[in-house]
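Derivation of every value follows stated rules applied to the coordinates shown; laboratory data play no part. Just so it is clear, the structure is predicted and the values come from calculations on it, not from any experiment. Here the Cβ is made from the backbone with ideal geometry for all residues, glycine too, and neighbour counts use every protein chain on show.
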Amino acid sequence: MDKFDVTGIVLAGGKSSRMGEEKGLALFNGKPLVSYAVDTLKPLCGKLVISANNHQKKYEGYGCEVVKDQIKDIGPMGGLFTCIKRSSTRYNIVLSCDTPFVNTGLFNYLLDGIENFQAAIPVHNNGLVEPLCAVYSTNSIWNLQLTIEKRNYKLMDFLHEINHKKMEIHSNLPFYSDDLFVNINTKNDLTSHWTGKA
């Protein structure tokens, strides 16, 4: 797939209440969390956007467009909606900044599998779904807007409204690691000894 038909969306905008500081800028193994997501997506995308509601100038230092949520206080769905609505490409890779072990191989796998679906969503560990580490077609924006208009801000409910493909992630895949989908949510997580790429 031509990377110029793919936009990368890094979700860094959040209240970070469990972290106690701006999550995307929190240091993990000496690097801000957002930098892991940027490094993962850059090889795959013609354009990269960071969704952030605070500290725009700092995020702009990564050479990406930084956008605030068009609709405030609706969680990650706000960033997803704003960025996909602005997208000029067919596909959008979405990656939350708090998953530093996600790698480029995962998204190559999802892009290869999305076909005519509106989204390709990784599933692992007997059914755990990762909607913030996925590929969405830009034509999913209308379903996303309708979901928001109903004041339903649950991503899993939005998935039920689109033609999505669940793609099983298992240990036989070459990019797999046990830590692949580990979330960094607290200050304790920042200092834990994970075995992934960080």
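Computed on the chain, with alpha-carbon pairs under 8 angstrom and 6+ residues apart, the relative contact order is 24 percent. Annotation: amide H of residue 49 within the under-5 Å range of 8, 9, 10, sequence separation 5 or more or interchain, hydrogens built in the peptide plane. Stretching the chain fully between residue 175 and residue 104 yields a gain of 24.7 nm (0.36 nm per residue, less the alpha carbon separation).
For the chain, the average shadow cast by the Cα convex hull is 10.4 nm², which is a quarter of the hull's surface.
Hey, what does the equivalent ellipsoid look like for the range 112-198, semi-axes from the Cα gyration tensor as sqrt of 5 times each eigenvalue, largest first, whole Å?
Details: eigenvalues 150, 65, 20 Å².
Value: 27, 18, 10 Å, ordered largest first.
Separation of the alpha carbons by more than 29 angstrom is noted, of 58/166; 85/165; 165/187; 47/166, for 58/166; 165/187. Peptides 133-142, 154-163, 40-49, ordered by how many other C-beta atoms sit within 10 Å of their residues on average, highest first, read 133-142, 40-49, 154-163.
Provide the packing ranking of 166-175, 89-98, 76-85, i.e. peptides ordered by the mean count of other C-beta atoms within 10 Å per residue, highest first. Please list the in-between numbers first.
On the way: 166-175: 12.6, 89-98: 23.6, 76-85: 22.0.
By packing density, highest mean first, the sequence is 89-98, 76-85, 166-175.
Take the Cα radius of gyration of the range 56-152 and divide it by 2.2 N^0.38 Å, N being the number of residues; the result is 1.12. Between residue 29 and residue 188, residue separation times 0.36 nm minus the direct Cα-Cα distance comes to 56.0 nm.
Between residue 151 and residue 2, the modelled label-to-label distance comes to 4.4 nm, taking each label 7 Å out from Cα in the direction of the beta carbon.
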